[in-house]
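A short worksheet on the structure shown next.
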Amino acid sequence: MCIFQTAVAALIGGKFGTTGNAADLPLWFAALVVVCICVFVANFAYSWGPLGWLVPSEISPLEVRSAAQCVTVSMNMFFTFGVAQIFLKMLCGMKFGLFIFFAVFVLIMTVFVYLYVPETKNIPIEEMSQVWREHWYWNKFVDDAEPKPQGNGLNPAKEIV
């Protein structure tokens, strides 16, 4: 994604500069820019795109999962709306630098995920609290105590109250 964001910035910057004017714009050039954007979108679609929906559903405890997904969906839509509203304004102001701006954010997000988001592959949702307790950073914010099971382990319908 960084490579193709940078490629779009280089192509647009090389052709339009900071003035936004180009004497002639050949068809092959326009097609190359479109291909770079399509490759970026394809890479986003199988990597970063789903993460905003997938990771919160995997890391949220069962007790708050539905509320957490509600917040996730709300924030995702809010920030998508925000980016859509400011994109053209930023493009007019930053010109081709906007694509460098987004490429840098992809790098920042990659470092953040590498350092702060724990691996959840093959971990049942019931054991996610243990993952947080063992993480090098998040363990400072999570209780060490295991939640105590309630009841006697039998079927709750058969327990004597």
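Bear in mind that the values in this text are calculations on the coordinates, not laboratory data. Predicted model only: the values in this text are computed from it and were never measured. A quick note on method: Cβ atoms are made from the backbone with ideal geometry, for glycine too, and the neighbour counts reach across all protein chains shown.
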Q) What is the diffusion coefficient of the chain in µm²/s, taking the Kirkwood radius over Cα pairs and the Stokes-Einstein relation at 37 °C with a viscosity of 0.692 mPa s? A) 167 µm²/s
Q) Just going by the charge dipole of the chain, with Lys and Arg at +1 and Asp and Glu at -1 on Cβ, which of GLY97, TRP132, TRP48 is farthest out on the positive end? A) GLY97
Q. Using the alpha-carbon atoms, what tilt in degrees (0 to 90, nearest 10) does helix 27-46 show relative to the longest principal axis of the chain?
A. 10 degrees
Q) In debye, nearest 20: dipole of the chain around its Cα centre with unit charges on the Cβ of K, R (+) and D, E (-)? A) 620 debye
Q.
Connecting C-alpha atoms closer than 10 Å in a GNM of the chain, tell me which of LYS140, LYS95, LYS15 has the biggest fluctuation.
A. LYS140
Q: Have a look at VAL106, ALA67, ALA84 and report the one farthest towards the positive end of the charge dipole of the chain, computed about the Cα centre with Cβ charges (Lys/Arg +1, Asp/Glu -1).
A: ALA84
Q. Pick from THR120, THR80, THR72: which residue has the top mean-square fluctuation in a GNM of the chain where Cα pairs under 10 Å get a spring?
A. THR80
Q. Given the C-alpha centroids of the range 33-86 and the range 96-112, what is the distance between them in whole angstrom?
A. 16 Å
Q: List the relative contact order of the chain as a percent without decimals, with contacts defined as Cα pairs under 8 Å and 6+ residues apart.
A: 30 percent
**Q.** Cα-based helix-to-principal-axis angle, 65-94 vs the chain, degrees rounded to 10
**A.** 10 degrees
Q. Between PHE141 and MET77, what is the FRET efficiency for a Förster distance of 25 Å, r being their Cβ-Cβ separation, to the nearest 0.05?
A. 0.40
Q. Quick one: length gained pulling VAL117 to PHE29 fully straight, 0.36 nm per residue minus the C-alpha distance?
A. 27.7 nm
Q: Would you mind checking the tilt of helix 2-16 against the longest principal axis of the Cα atoms of the chain, expressed as 0 to 90 degrees and rounded to 10?
A: 20 degrees
Q: Quick one: grab Rg to one decimal and Dmax as a whole number for the range 1-84, Cα atoms only, in Å.
A: 18.6, 61
Q. Not counting the cut sites, what is the longest span of the chain without GluC sites (Glu not before Pro) that DSSP labels loop and that have at most 13 other Cβ atoms within 10 Å?
A. 1-118
Q. If Lys and Arg each add +1 and Asp and Glu each add -1, what is the summed charge of the other residues whose beta carbon sits under 15 Å from the beta carbon of VAL8?
A. +2
